[in-house]
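The structure under discussion appears below in the form of structure tokens.
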Amino acid sequence: MGHYEAPIREAIITGDKSYHDITVDVAAPIEGKANKKWWIAFIISLVAFLWGVGAIAYTIGTGIGVWGLNNRINWAWDITNFVWWVGIGHAGTLISAVLLLFRQKWRMGINRSAEAMTIFAVVQAGLFPLIHMGRIWDGFYVLPIPNQLGSLWVNFNSPLLWDVFAISTYLSVSLVFWWTGLLPDFAMIRDRATKPFQKKIYSLVSFGWSGKAKDWQRFEEVSLVLAGLATPLVLSVHTIVSFDFATSVIPGWHSTVYPPYFVAGAVFSGFAMVQTLLLIMRKVSNLEYYITRVHIENMNKVILVTGGIVTVAYLSELFVGWYTGSSYEDFVYLSVGAATGPYWWAFWSLIICNSVIPQLFWIKKIRQNYIWTFIISIFINIGMWFERFDIIVINLSRGHLPSSWTMFSPTFVDIGIFIGTLGFFFVLFLLYARTFPVIAQAEVKSILKSTGDNYKRAREGGDPVEKTIAEVVEQKVEAQTVAPAEEIIADTDDKAAQTSNLLDSLGAFDPNTQQADDLKKVKGIGPVMEKTLNQIGIYTFAQVSKMTKKEYDLLDSITGSFPGRAERDDWAGQANKLKS
Amino acid sequence: MSSKVIHALYDDDDVLLKAVKEVKAAHHHIEEIYTPFPVHGLDKAMGLEPTRLGITAFMYGLTGLGFAVWFLNFIMIQDWPQNIGGKPSFSFAENMPAFVPVMFEMTVFFAAHLMVITFYMRSKIWPFREAENPDPRTTDDHFLMEVAVDGDADQLASLLKGTGAVEINVKEKH
């Protein structure tokens with residue numbers, strides 16, 4: 001039926017899902033209540049965030065002197081954290097843009113959360129240069145605007161200014177890309193919402209999305225063009241971040257390999273963070289059917305490739321440093337001097353976490369294993385933090401003047417701000433997980449027929465489920481009864497009699513002792529039908545499960561909507577399952 | 001003038017596509033189709049023109065690039081040329097390599113944002129706008145085809161039923 005996909009490709013939507021199941025599963029975390037674990041995680045993150053706010057306030061109030069910086073090491077944790085967070089922010093755009101251009105269907109289960117992670121990570125990254133300015137109230141000096149100093153402009157030859165443009169373009173374009181993709185999914189939540197406040201909020205954020213054919217056509221074009229624009233953009237961002245170092249004359253920084261190596265490292269760390277977050281999320285939000293072994297394995301393959309690129313870059317730096325024969329190159333972050341010097345622990349943390357441990361992913365069993373993947377992803381997150389720490393602190397700790405050689409020790413403020421950004425990041429992500437559709441459900445529905453396990457099984461086995469469209473149409477036509485819906489006009493008296501008749505056989509609902517179920521969980525019952533059922537007096541799965549042919553017919557004649565629907569969808573059978 | 005429309009609901013995208021072709025073949029006017037996800041080939045089947053948003057993005061990108069060139073030249077070369085680290089500051093052409101990153105970022109910035117704004121304006125979607133899908137199930141698992149009634153409504157209804165619709169409602173179009 002035009003949805004053919006090679007059988008050798010594993011299904012990426014499992015659990016025999018239908019379109020409606022996807023809707024219900026994606027809406028569930030938003031419509032349900034937060035559990036205890038969520039609250040515990042949220043409160044811990046919030047406390048960390050507030051500690052960070054305090055540390056930032058102290059920094060701004062007192063000055064940068066509260067950090068551990070000294071004469072020689074004038075950049076340390078601040079820029080380490082900045083580069084680390086920006087790097088993490090790379091996976092989201094890579095997944096949603098680059099994989100879209102490559103037509104990788106597995107991106108659809110994870111792109112929404114990866115993009116959310118990108119935006120939240122870039123927000124954390126942006127904080128560091130801002131507070132590093134010291135006088136944050138003069139922050140507008142980075143903008144090219146006429147000012148009271150005559151027309152003294154910013155310096156467009158400086159990579160630090162390029163960064164201002166790159167990061168702000170990246171953040172704003174990612175946000176717009178993300179939000180545009182969210183519109184149809186917000187609309188889905190809006191149309192299911194029963195509480196008026198919820199409905200208002202989701203109507204507002206869905207921008208009145210209606211799913212018209214022309215809008216979808218434009219939507220797809222916009223997604224494609226944005227992907228085309230975001231791909232070079234994401235590469236440019238970390239390239240420019242690497243220019244901050246590469247255009248300087250500090251030994252160890254002045255290196256032409258930096259741009260490609262930084263981009264690979266960013267993708268490497270970004271995917272590791274996606275793994276860390278999604279492996280938890282798929283459990284907590286019950287998304288195991290959408291974020292499957294295939295997704296995890298594919299991401300691990302990307303980690304293996306980018307980790308390999310990073311390792312080759314390390315080796316080439318090590319070789320070039322040694323080959324120059326310059327004594328100033330023997331203390332840069334990748335040198336024998338660094339490996340055996342006072343920062344040996346930072347050097348070896350980098351090598352072990354980034355180059356050695358990820359090699360375990362060559363073993364298929366490990367890269368398909370959720371627990372192993374989670375553990376290794378944590379190591380990579382740590383390793384990539386050390387990479388930036390090594391580049392900045394080890395390189396600065398020694399220089400051409402041996403008398404100024406020194407070490408760096410962070411103060412509680414340095415640590416507080418870093419912990420604070422971690423807290424802020426998780427606060428945002430946890431709130432996102434409870435209020436946003438965390439799976440791009442519209443996109444996932446569009447690939448269900450080609451890659452859902454039920455559809456794949458049917459195609460392979462030549463199962464009768466797989467029919468030609470003509471057969472499907474025929475079946476649907478047969479299911480309709482002769483009487484057209486609009487002709488059923490029952491007078492009120494008749495309806496009342498039928499209603500009581502119906503309730504007699506299903507049992508009445510007592511609001512004092514029983515609790516109403518969410519009947520929308522039954523396939524075929526939408527919000528309108530639920531309301532109609534409630535008006536009749538049907539509130540629970542137990543009532544629906546008692547329905548037989550006789551009750552279906554009665555219901556049809558009361559509601560006057562399209563006959564035979566309830567029977568065909570087997571509401572009773574579905575309700576029976578939901579009841580337990 | 002009020003006229004009637006028929007809302008035919010489908011629960012399968014392939015059935016919908018086939019139905020669109022049949023309704024078109026019977027020379028009925030499809031007013032609109034609401035779907036929960038992009039159905040590939042639907043725009044072609046309905047006879048919609050291809051969108052020109054991609055072209056606008058290209059033009060917005062050129063605008064952004066042009067703006068960046070003007071703005072960098074004015075700031076760095078015309079208004080206050082400075083000798084920064086001995087880099088050339090008296091000719092745009094010589095200083096241009098240092099401007100490439102910002103020129104690129106501005107191109108992307110203009111192309112992406114203006115294209116998305118154009119999309120929102122053309123499709124009339126923005127905050128506080130009311131949704132227009134006639135049935136809430138069209139964002140879940142149903143596909144709704146709105147067909148204008150021209151002549152006999154019953155005949156059209158039976159045609160639509162023959163295409164596999166799961167529900168048919170006749171509505172007044174305001």
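The values are calculated or read from the model by the stated rules, or taken from the named source; none is laboratory data. These numbers come from a predicted model, not from an experiment. Heads up, the Cβs are rebuilt from the backbone with ideal geometry, glycines too, and the neighbour counts pull from every protein chain shown.
Residues being assigned to a helix (DSSP H, G or I), in contact with a helix residue (DSSP H, G or I) (Cβ under 9 Å, 6 or more places away or on another chain) and within 14 Å of chain B (Cβ to nearest Cβ): count how many of those fall in region A:501-556.
Residues flagged as assigned to a helix (DSSP H, G or I), in contact with a helix residue (DSSP H, G or I) (Cβ under 9 Å, 6 or more places away or on another chain) and within 14 Å of chain B (Cβ to nearest Cβ) within region A:501-556 amount to 9.
Out of (1) out of contact with any His (no Cβ under 9 Å at 6 or more places or on another chain); (2) more than 8 Å from chain A (Cβ to nearest Cβ), the odd one out for B:L156 is which?
The single condition B:L156 does not satisfy is (1).
Exactly one condition in (1) farther than 30 Å from A:K214 by Cβ; (2) modelled with pLDDT under 90 is false for B:F99; which is it?
(2)
Residues are listed down the side, and each one gets a yes or a no for (1) in contact (Cβ under 8 Å) with a residue 40 or more places away in the chain; (2) under 27 Å from A:I73 (Cβ atoms); (3) among the hydrophobic types (A, V, I, L, M, F, W, C):
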| residue | (1), (2), (3) |
| --- | --- |
| A:A339 | no, yes, yes |
| A:W348 | no, yes, yes |
| A:P358 | yes, no, no |
| A:F389 | yes, yes, yes |
| A:R398 | yes, yes, no |
| A:F408 | yes, yes, yes |
| A:F429 | yes, no, yes |
| A:R434 | yes, no, no |
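Scan region B:124-152 for residues that are modelled with pLDDT under 90, within 14 Å of A:A187 (Cβ to Cβ) and more than 7 Å from chain A (Cβ to nearest Cβ) and report the count.
Selection size over region B:124-152: 2.
Assigned to a helix (DSSP H, G or I), among the hydroxyl-bearing types (S, T, Y) and either within 24 Å of A:G308 (Cα to Cα) or within 14 Å of chain B (Cβ to nearest Cβ) (or both): does that describe A:S203?
Working: assigned to a helix (DSSP H, G or I): yes; among the hydroxyl-bearing types (S, T, Y): yes; either within 24 Å of A:G308 (Cα to Cα) or within 14 Å of chain B (Cβ to nearest Cβ) (or both): yes.
Spelling it out, A:S203 is indeed assigned to a helix (DSSP H, G or I), among the hydroxyl-bearing types (S, T, Y) and either within 24 Å of A:G308 (Cα to Cα) or within 14 Å of chain B (Cβ to nearest Cβ) (or both).
Collect the residues in region A:45-97 that are closer than 20 Å to A:F268 by Cα and among the β-branched types (V, I, T), keeping them in residue-number order. If you could, list the steps in order and put the result at the bottom.
Our first condition is that a residue be closer than 20 Å to A:F268 by Cα; within region A:45-97, this holds for A:79-97.
If the condition is that a residue be closer than 20 Å to A:F268 by Cα and among the β-branched types (V, I, T), then A:I79, A:T80, A:V83, A:V86, A:I88, A:T93, A:I95 are the ones that fit.
Go over the candidates B:G85, B:G66, B:G47 one by one and state the one that is touching a Lys or Arg at 6+ places or on another chain (Cβ under 9 Å) and surrounded by fewer than 16 Cβ atoms within 10 Å (Cβ to Cβ).
Details: B:G85 fails: touching a Lys or Arg at 6+ places or on another chain (Cβ under 9 Å); B:G66 fails: touching a Lys or Arg at 6+ places or on another chain (Cβ under 9 Å).
So the residue among B:G85, B:G66, B:G47 that is touching a Lys or Arg at 6+ places or on another chain (Cβ under 9 Å) and surrounded by fewer than 16 Cβ atoms within 10 Å (Cβ to Cβ) is B:G47.
Which of the numbered conditions does A:Y455 fail, given that it passes all the others? Conditions: (1) part of a helix (DSSP H, G or I); (2) under 20 Å from the mean Cα position of the chain (by Cα); (3) modelled with pLDDT under 95.
Going through the list (1) part of a helix (DSSP H, G or I); (2) under 20 Å from the mean Cα position of the chain (by Cα); (3) modelled with pLDDT under 95, A:Y455 breaks only (2).
Condition test on A:W216, is it more than 8 Å from chain B (Cβ to nearest Cβ) and either farther than 23 Å from B:A57 by Cβ or in a helix (DSSP H, G or I) (or both)? Steps first, please.
On the way: more than 8 Å from chain B (Cβ to nearest Cβ): no; either farther than 23 Å from B:A57 by Cβ or in a helix (DSSP H, G or I) (or both): yes.
No; evaluated as a whole, the condition is false for this residue.
Among the numbered conditions (1) without any contact (Cβ under 8 Å) to a residue 24 or more places away in the chain; (2) closer than 30 Å to B:K44 by Cβ; (3) in contact with a helix residue (DSSP H, G or I) (Cβ under 9 Å, 6 or more places away or on another chain), tell me where A:L182 comes up short.
For A:L182, the exception is condition (1).
Looking only at region A:395-448, which residues are under 22 Å from A:A55 (Cα atoms) and among the hydroxyl-bearing types (S, T, Y)? Write out each step before concluding.
Step one: filter region A:395-448 for residues under 22 Å from A:A55 (Cα atoms), giving A:408-429.
Those that are under 22 Å from A:A55 (Cα atoms) and among the hydroxyl-bearing types (S, T, Y): A:S409, A:T411, A:T421.
Determine if region A:66-88 includes at least one residue that is surrounded by fewer than 20 Cβ atoms within 10 Å (Cβ to Cβ), outside any loop (DSSP other than H, G, I, E, B) and among the small types (G, A, S).
no
Looking at (1) surrounded by fewer than 18 Cβ atoms within 10 Å (Cβ to Cβ); (2) of a type in the set (D, E, K, R); (3) under 19 Å from A:E443 (Cβ atoms), which one does A:K283 not meet, given that it meets all the others?
A:K283 satisfies every listed condition except (3).
For A:V427, are the conditions met, namely being under 30 Å from B:D11 (Cβ atoms), within 20 Å of the chain's Cα centre (by Cα) and in a helix (DSSP H, G or I)?
No; evaluated as a whole, the condition is false for this residue.
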